[in-house]
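To start, the structure under review is shown below, and the notes come after it.
No lab work stands behind these numbers, since they all come straight from the coordinates. On a predicted model such as this, the values are computed, not experimentally measured, just so you know. Neighbour counts run over all protein chains shown; Cβ positions are idealised from the backbone, glycine included.
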There are 2 protein chains.
Amino acid sequence: MELIIDALVRVVIILITAKLAGELFEKFRQSAVLGELLVGVLLGPSLLGFIDPTNEILKFLAEVGVILLLFEVGLESNLVKMLKVGWNSFRVAIIGVLIPFILGWAYYHFMGHTLMVSLFVGATLTATSVGVTIRVLGDIKKVDSPEGRVILGAAVIDDIIGLIILSVLVSMIQVGSVQVSVIARSIVFAMLFLVLTTWIGIRYAETIFKYVHSMQVRGALISASVAFAFILAVLANLIGLATIVGSFAAGLVLETTERKEHIIRRIAPVSDLFVPMFFIMAGAHTDLHSLSLRALPIIGILFVIAIISKLVSGWGCQKKVASRLGVGIGMIPRGEVGLIFATIGLSGGIISAELYGILVIVIMATTLVTPPVLRPVLLAQGKKEV
Amino acid sequence: MELIIDALVRVVIILITAKLAGELFEKFRQSAVLGELLVGVLLGPSLLGFIDPTNEILKFLAEVGVILLLFEVGLESNLVKMLKVGWNSFRVAIIGVLIPFILGWAYYHFMGHTLMVSLFVGATLTATSVGVTIRVLGDIKKVDSPEGRVILGAAVIDDIIGLIILSVLVSMIQVGSVQVSVIARSIVFAMLFLVLTTWIGIRYAETIFKYVHSMQVRGALISASVAFAFILAVLANLIGLATIVGSFAAGLVLETTERKEHIIRRIAPVSDLFVPMFFIMAGAHTDLHSLSLRALPIIGILFVIAIISKLVSGWGCQKKVASRLGVGIGMIPRGEVGLIFATIGLSGGIISAELYGILVIVIMATTLVTPPVLRPVLLAQGKKEV
């Protein structure tokens, strides 16, 4: 019982501080996620020591949080629209993955680190978190602008490429070295998994969820939805992929059913409770003591790489379609997927506590700088059009 | 990670089987809780061995489940109406607590058990679970009948008396013996706790939750509600009461706020996921191997005591107000509170695995027999009136 009461107390503190910090950051037009990460650092072992990142119950809640996060992302990604996404978005996404990956890898390789560490650093810089950009676009009523459409399209493709890269990294950790055959196999596995689960899922989900929705017992729809997300998460884990690849696929499948809106409405309060657990724990993993002054130039250089490498992705868009600068800036913010890469690298023993701290800071910095820059650029663009 | 994946798999199986069993039982006009309990027995160590009732993560989820269950009960109990409840309900509740308690205690005392065990048996038989009765009343459109109103009023008072008895039992476990001073202190503590938390809570809840509801960040209301329920649960635990006394008080407080409906809507999918965890784990604690043939007569006698002792409570109601037989039958079903008593007695080392199994079976039996008997009695009553 003491263990349970102890966990309850920690969950209470996490819920309250996460929401207060999130609210504060949103007041200043920043991402709530940033606030949650900072609270995690504050409550973690390097400062207050209130949250032990090795606590099994909290680890479970955080894992459920990230599974539900990607389930929701999937629920909001329309497969048909994804397949129809324009070449502009496609080129932006590809450039926006390749350049950060190559530059991040090259820099760490140049500094004398192993191939595995360098690949992890490159991979962590690849995934755009479109949430911050959507927020800014929404604030200035530009979600449906040319720039907005190109960015949103690119972000979806970026997510899927990110999940495939993640699968490669997870299998590299399992094998313990970088082997071309392993990389090839896990790319094939990840793509096959996504294609097969969504294909089979879409065939049967409508029938199954129609029955579930007709059930009399309370909570059938939310239970079936969460169970489905967990099942694909566990399946993904079994064939050596990350759990979130599975829950993302589950979201994609349920997005195609008629019950989509009901599911989204019921899953929201559940993920409101679980998702902050992931970001708080990601913050708590950050060991400030491992960061010395010598980390500062590394943070600076990685930050510049993170910014420039996504900026250039804007030039994957045709000049006549949208502002290349606007698109490039909109792709800069990194978030949950980058954090997932870093936490997996840390727990897999690939990246050090110091490197983890550096990557978390770089990710947070990209999210911090975007809104104040993106706003004037897009507003100026709007005036030019008029 | 293996621990987490393992827990995910078990949660999936629990969610799916709980809902399928619940649906099946509701089809046969039985309580979904019965189905969940049976699934728990089936998955537990005495049959399939799929669920380990000592698993820390599952124990945590079950505890959150029962905390949220009583939080919801509180959210649906109106304090003002409770204080205005008629003398008929009050007398029915008091008789319906005293008689089962005295008969249960006397029977076990007579069989030569210790005072502590006898008190636990008596206490477990006291609390009516009104859910089953409400269901039957709803089916035949009698919730607002005289019998329905008396039963619902009595059930609310019964809940509060049950929570106070529970507080006494918990403190007896902590002290390790039956002392009048301990009993008196814990009754005072429990009543003071309920009065003080609801009084202070109602003073400030409206202001706090008005602010929470105005927050921009996603999930503020659900996070604050759950945090509030957990805080009072932990507080209750700290002063030696059961956690559910706290979450019940939290529900009572939030019921008085303007945001009540929003909170109920958001908490529903969350408790849909957590509450079955409690009933499945309660079932999993049942060790069938501990039950021998010699348990059969004990089950039979306790069952008769459980039925008769609640039946007579109907005579606490004035004859002209409602059908005494109908009220008495409506008070028979036992459920969550009785199960909580039994699980606390088991985990506190007071009652044996055999006695736990006996009590679970008696509780389930009271719930099973009520609907087919209550329906014709109330329908006949309706015809008499016409």
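If you place +1 on the Cβ of every Lys and Arg, -1 on the Cβ of every Asp and Glu, and leave all else neutral, what size is the dipole of the protein assembly as shown about its Cα centre, to the nearest 20 Debye?
On the way: 58 positive and 48 negative charges, 423 e Å.
I would put it at about 2020 debye.
Neighbour counts of C-beta atoms inside 10 Å place B:Lys260, B:Lys59 in the sequence B:Lys260, B:Lys59, starting with the fewest. Per-residue mean of foreign Cβ neighbours for A:12-22 is 5 (Cβ atoms of other chains, 10 Å radius). Computed over segment A:1-158, relative contact order equals 18 percent, with contacts defined as Cα pairs under 8 Å that lie 6+ residues apart. Label-to-label distance for B:Asp144 and A:Tyr211 is 3.8 nm, based on points extended 7 Å past Cα in the beta-carbon direction. In terms of other Cβ atoms within 10 Å, A:Thr128, B:Thr197 run from fewest to most in the order B:Thr197, A:Thr128.
For the protein assembly as shown, the calculated P(r), taken from all Cα-Cα distances in 10 Å bins from zero up to the bin holding the longest distance, is 3, 13, 22, 23, 17, 11, 8, 3, 1, 0 percent. Label-point spacing at B:Leu238 relative to the other copies reads 4.5 nm, in ascending order, each point sitting 7 Å out from Cα along Cα→Cβ. Contact order for chain B, expressed relative to its length and based on alpha carbon pairs under 8 Å spaced 6+ residues apart, stands at 29 percent. Of all lysines in the structure, the ones whose alpha carbon falls short of 28 Å from that of A:Lys310, not counting any fewer than 8 places away in one chain, are A:Lys27, A:Lys81, A:Lys84, A:Lys141, A:Lys142, A:Lys319, A:Lys320, A:Lys383, A:Lys384. In segment A:1-39, whose amide N lies under 18 Å from the spot 7 Å out along Cα-to-Cβ of A:Asp52? List them in ranges. Answer for segment A:1-39: A:1-14. Going by a ≥ b ≥ c, the root eigenvalues of the Cα gyration tensor, does chain A fall in the rounded group (a/c under 1.5), the prolate group (a/b larger than b/c) or the oblate group? Taking the square roots of the gyration eigenvalues as a ≥ b ≥ c, chain A is rounded.
So what is the calculated 222 nm ellipticity per residue for the protein assembly as shown, using -39500 (n - 2.57) for each DSSP H run with n of 4 or more, over all residues, to the nearest 500 deg cm²/dmol?
Working: 32 runs with 596 residues, N = 772.
Computed ellipticity for the protein assembly as shown at 222 nm equals -26500 deg cm²/dmol.
Would you tell me the mean number of C-beta atoms belonging to other protein chains that fall within 10 Å of each C-beta in A:235-243, as a whole number? If you can, show how the numbers build up before the last one.
Working: counts 0, 0, 6, 2, 0, 0, 0, 0, 4.
Mean shielding count: 1.
Among the DSSP helices (H) of chain B, those spanning at least 30 angstrom by Cα along their long axis with an average Kyte-Doolittle hydropathy of -1.0 or more are B:2-27, B:87-110, B:146-175, B:180-214, B:260-284, B:353-385; this is a geometric and hydropathy rule only. The simple spin-label model puts a point 7 Å past each Cα toward its Cβ; for B:Leu192 and B:Val373 those points are separated by 4.2 nm. Relative contact order of segment B:251-362: what whole-number percent is it, with Cα pairs under 8 angstrom and at least 6 residues apart? Computed over segment B:251-362, the figure is 30 percent. Distances from B:Gly49 to itself in the other copies, using label points 7 Å out along the Cα-Cβ axis, amount to 4.2 nm in increasing order. With the label put 7 angstrom out from Cα along the Cα-to-Cβ vector, A:Phe28 ends up 6.2 nm from the copy partners, going from closest to farthest.
How many partner chain Cβ atoms sit within 10 Å of a residue's Cβ in peptide B:265-271, on average, as a whole number?
That average works out to 6.
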